[in-house]
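The values are calculated or read from the model by the stated rules, or taken from the named source; none is laboratory data. Computed from a prediction, not measured in an experiment: that's the story for all the values here. So basically every Cβ, Gly included, is an ideal-geometry build from the backbone, and we count neighbours across all protein chains shown.
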Amino acid sequence: MSSTSASWTSFIKSLASYNGDLSSLTAPPFILSPTSLVEYSQYWSEHVDLFLAPNFIQQEPNDIDSVELKHMVAVLRWFISTLKSQYCSRAETLGGEKKPLNPFLGELFVGKWTDESPSKKFGETLLVSEQVSHHPPITAYAIQNKTNKTTLQGYNGVRASMSATALNVRQYGHALLSYENLNEKYLITLPPLHIEGILMAAPFVELEQKSYIQSSAGYVAVIEYSGKGYFSGKSNSFKARIYKNISEAEDKTKALYTVSGQWSGVSSISRGNTVASDAQVFFDAKNSKPQHLTVKPIEEQSPLESRRAWQKVAEAIRANNYNLIHEEKTKIENEQRELRKKEAADDTPWKQKFFEEIDYTTLTEEDDETGYVKLANMANLSLKNVPSGTRKGSSKDNETEAGSHWRFCPERLDTTDIVF
Ligand code: HCR
């Protein structure tokens, strides 16, 4: 047995007794990614044109659909366009899914997308991503385009469990999209996923079950995911239906639009409940190149910025040097331990830079400026700390009373010393 397959075998054995905390998982070097999880927030906006598209939709005199429904279709297209970057990009660039670096508390990743539109109507789009909690690991982010008064904010954490052949991952958190000029908001829930191919040392992500997009205008999109064999026999398949509101979503024949296909490939859209064989292309992920954000050089980054903080670990991972990875990681972990001890001794807990924790179960719809409470109520979704997309009154909803979430403080971004 080669040393690579021996270390993979012992990794699989360790997964069998795995406790759900991804930071405690010690993986062999060839499965480590040199990128921190705090960077993954960038995948929400690698199609800036689609992210901003609703701002440029016009209502035509002969339109059958309301302009709000046209916006919902555009938001769904943008959401589908994010999935390939979110869930397939490591497989494409690194040859398989990898274990990301586990961000330290306060770790930052910032960058910007420049305007590549010929008319320069997009303006600049900024990303700020921050590790707001280490135990459990939670990353919060905001993507802000001031030119078009468009902001996406959200947070997410994952909990995992091992079954016979796959690592099952539940996402906690949500994303909130606001188009201020349109006076519209959208709540987006995060789908469960599992990692297949672990036994073959060729891990890849497959999404499962459902996620939702609830619009403040009432429309709701229900997206169902499946792997090989269910809808179409193809991996990364999905079927999304848009309804007038959440009660209509109880009956699939009431769908206003149906979109079906592969989120990593081509999907098509039809009116009604089924997708016709000659349906119009909705999104073609293979022929739609992602626009990567620009990040300033490492020398200009603050010590809290991810690529600067992890530089030596990342180099050791690229060099496949296990001792050096361990040595450099230990330095960061020890520094963090010392910081936490000092904070405890001085009674000055760590203060998050751009986000604050909030208990939404204590807020009324009117008191909540983000719109989360209202949108979650409209979609009949739980406000508690339960897996993203949990319906009110379901068994998961009854597992806890806690309702703390993370929200963006835009004024802190306006006054920050962090350079983009
Ligand atoms: C599960 C995962 C870490 C979490 C990653 C998340 C859920 C993070 C938020 C992003 O918005 C979306 C996202 C995409 C990733 O696909 C997902 C990762 C996939 C693998 C990774 C595990 C921790 C890796 C486990 C080790 C494997 C290779 C056995």
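A few points about this structure:
- Count - residues of the stretch 95-118 that are surrounded by 18 or more Cβ atoms within 10 Å (Cβ to Cβ) and among the β-branched types (Val, Ile, Thr): 1
- Test for Ser23: is it crowded, with 18+ Cβ neighbours inside 10 Å, touching a residue at least 60 places away in the same chain (Cβ under 8 Å) and of a type in the set (Ser, Thr, Tyr): no
- Restricting the stretch 150-164 to residues that are in contact with a strand residue (DSSP E or B) (Cβ under 7 Å, 6 or more places away or on another chain) and either outside any strand (DSSP E or B) or among the hydrophobic types (A, V, I, L, M, F, W, C) (or both), the residue that is nearest to the ligand (Cβ to nearest atom): Val158
For every residue, the table says whether it meets (1) hydrophobic (A, V, I, L, M, F, W, C); (2) more than 30 Å from Leu108 (Cβ to Cβ); (3) more than 21 Å from the chain's Cα centre (by Cα).
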residue	(1), (2), (3)
Glu208	no, yes, no
Ser211	no, no, no
Tyr219	no, yes, yes
Phe238	yes, yes, no
Asn273	no, yes, yes
Ala279	yes, yes, yes
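- Scanning the stretch 68-97 for residues that are at pLDDT below 95 and near the ligand (Cβ under 10 Å from one of its atoms) yields a count of 6.
- Only one entry in Ile223, Ile188, Ile195 is at pLDDT below 95, under 20 Å from Ser264 (Cβ atoms) and within 16 Å of the ligand (Cβ to nearest atom), namely Ile195.
- Unique residue being in contact with a strand residue (DSSP E or B) (Cβ under 8 Å, 6 or more places away or on another chain) and either among the basic types (Lys, Arg) or modelled with pLDDT of 95 or more (or both) when the list is Ser215, Ser247: Ser215
- Top-ranked residue of the stretch 23-52 - restricted to ones that are among the β-branched types (Val, Ile, Thr) and at pLDDT below 95, ranked as farthest from the ligand (Cβ to nearest atom): Thr26
- Whenever a residue of the stretch 199-215 is within 30 Å of Phe30 (Cα to Cα), its partners that are at pLDDT 95 or above and not in a strand (DSSP E or B), lying with C-beta atoms within less than 6 angstrom and at least six residues away or across chains, give the pairs Val205/Tyr87; Leu207/Pro191; Glu208/Pro192.
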